[in-house]
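Engineer: A single structure is presented below for examination.
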Amino acid sequence: EKVFKLYIQRLDYSKKFLLQSDVDALKKFDHSIDDYINSGRFNFFVRSLELINTRTVEAQSFYKEILDKPFYFHSEETVELDAEKLSFSKTKDELKDAWRKSLNYQVLSRVFDALESQKKAKEKSDTVKLRTKEEIEIDVRKKVLKRNDDYFKRVK
């Protein structure tokens, strides 16, 4: 059971890929992992790789679609950033929304930082050309997209 729990944790630490139903499907192996290892069978390992590969492809489509449109920063919502406090999503829609919230946070924090840097630069010099929040957001979304593209290349 400890091996199973640790394996699932390391397979999807951020809980941004697997659904709860995927973890439940793999749970049938939690008492037999040692039997599979001792007998040289890899059923659990093969099944877990099939699931994570499928979910990775799905998540890749999520972030690209989400970052393709501007965010609406005027609604109140929360995002949990501590992976240990997260639960696996029950549905694909819930998982996609978790990706949206995470990406929204990434973009919002970078837009805020850019606006603050721009403000400080303007205080030091009148020749600084100010960009609008919208222009900054477009640039930030491109950077976050690139960062996620790189991340998914490493994951593959």
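The values are calculated or read from the model by the stated rules, or taken from the named source; none is laboratory data. Just so you know, these numbers come straight off a predicted model, no measurement behind them. Virtual Cβ from ideal backbone geometry, glycine too; neighbours counted across all protein chains shown. Just so you know, the surface numbers come from the protein's heavy atoms only, side chains and all, with ligands and any DNA or RNA stripped out. Shrake-Rupley method; radii C 1.70, N 1.55, O 1.52, S 1.80 Å.
Engineer: Just the residues that are within 13 Å of the chain's Cα centre (by Cα) and either of a type in the set (S, T, N, Q) or modelled with pLDDT under 90 (or both), please, taken from segment 81-128.
Structural biologist: Within segment 81-128, L81, A83, S89, S102, N104, Q106 qualify.
Engineer: If a residue has to be open to solvent by 60 Å² or more (accessible area, probe 1.4 Å) and polar (S, T, N, Q) to count, how many in segment 131-156 make the cut?
Structural biologist: Matching residues across segment 131-156 total 1.
Engineer: Among the numbered criteria (1) out of contact with any Asp or Glu (no Cβ under 7 Å at 6 or more places or on another chain); (2) in a helix (DSSP H, G or I); (3) open to solvent by less than 40 Å² (accessible area, probe 1.4 Å), which one does V111 miss?
Structural biologist: Of everything listed in (1) out of contact with any Asp or Glu (no Cβ under 7 Å at 6 or more places or on another chain); (2) in a helix (DSSP H, G or I); (3) open to solvent by less than 40 Å² (accessible area, probe 1.4 Å), V111 misses just condition (1).
Engineer: In segment 61-68, is there at least one residue being over 13 Å from the mean Cα position of the chain (by Cα), surrounded by fewer than 17 Cβ atoms within 10 Å (Cβ to Cβ) and not in a helix (DSSP H, G or I)?
Structural biologist: yes
Engineer: Let me ask something else about it. Residue under question is F45, and the condition is that it be aromatic (F, W, Y) and open to solvent by less than 20 Å² (accessible area, probe 1.4 Å); does it hold?
Structural biologist: Answer is no for this residue.
Engineer: Output the residue which, of all residues in segment 76-91 that are closer than 15 Å to L18 by Cα and in a loop (DSSP other than H, G, I, E, B), is least open to solvent (accessible area, probe 1.4 Å).
Structural biologist: Among those that are closer than 15 Å to L18 by Cα and in a loop (DSSP other than H, G, I, E, B), it is F88.
One line per residue, one yes/no per condition, for (1) at pLDDT 85 or above; (2) small (G, A, S); (3) open to solvent by 80 Å² or more (accessible area, probe 1.4 Å):
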site: K2; (1), (2), (3): yes, no, yes
site: D12; (1), (2), (3): yes, no, no
site: L18; (1), (2), (3): yes, no, no
site: V23; (1), (2), (3): yes, no, no
site: L26; (1), (2), (3): yes, no, no
site: D30; (1), (2), (3): yes, no, no
site: S39; (1), (2), (3): yes, yes, no
